[in-house]
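Input: a single structure, listed below in structure tokens.
The values are calculated or read from the model by the stated rules, or taken from the named source; none is laboratory data. This is a predicted model, so every value here is computed, not measured. Please note: Cβ atoms are built from the backbone with ideal geometry, for glycine as well, and neighbour counts cover all protein chains shown.
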């Protein structure tokens with residue numbers, strides 16, 4: 001038996017899924033670029049969707065939902081990447097860990113290695129600005145920092161990549 005309360009909840013869920021579904025693949029791609037681990041990227045997107053669901057009633061009045069979702073996802077990814085880095089540093093004391101995919105050629109392995117040297121905010125700036133095409137001001141809003149700080153993250157990331165990949 002369907003009660004009016006269940007019907008309203010069903011409609012709420014349907015509206016949520018309709019609004020969020022087009023964003024999931026984009027959020028996953030962004031998360032993967034930042035955390036570089038598909039499992040962690042999936043968890044970051046799941047956490048983003050959970051936050052969106054919890055705030056759905058207030059999010060309905062927000063005019064730019066994709067930007068809000070991106071901001072939440074990036075912050076979750078940066079948090080997760082920092083945790084991954086701490087875990088790797090803690091578990092690798094005295095040992096060298098190499099997680100380079102074996103199927104990549106040497107050039108892509110160099111790029112992968114260089115990308116892994118970037119800090120989480122630098123990775124986020126590269127993914128948002130150079131890959132997704134957000135302006136520096138938009139990236140700053142997503143990361144929750146000032147535009148000058150976002151430019152600094154991007155400049156340092158590009159400089160570090162150029163240093164790591166001199167022939168690129």
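Below are the figures for this structure:
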| item | result |
| --- | --- |
| Test set (1) modelled with pLDDT under 75; (2) outside the structural domain of residue 41 (by TED's automatic domain parsing); (3) touching a helix residue (DSSP H, G or I) at 6+ places or on another chain (Cβ under 7 Å) - residue 59 fails condition number | (2) |
| Cross-chain or 6+ apart pairs with Cβ under 7 Å, the range 140-168 first and in the same structural domain as residue 117 (by TED's automatic domain parsing), then surrounded by fewer than 18 Cβ atoms within 10 Å (Cβ to Cβ) and not in a helix (DSSP H, G or I) | 140/146; 160/117; 164/117 |
| Total residues in the range 4-36, condition modelled with pLDDT of 90 or more and either in contact with a strand residue (DSSP E or B) (Cβ under 8 Å, 6 or more places away or on another chain) or on the phi > 0 side of the Ramachandran plot (or both) | 0 |
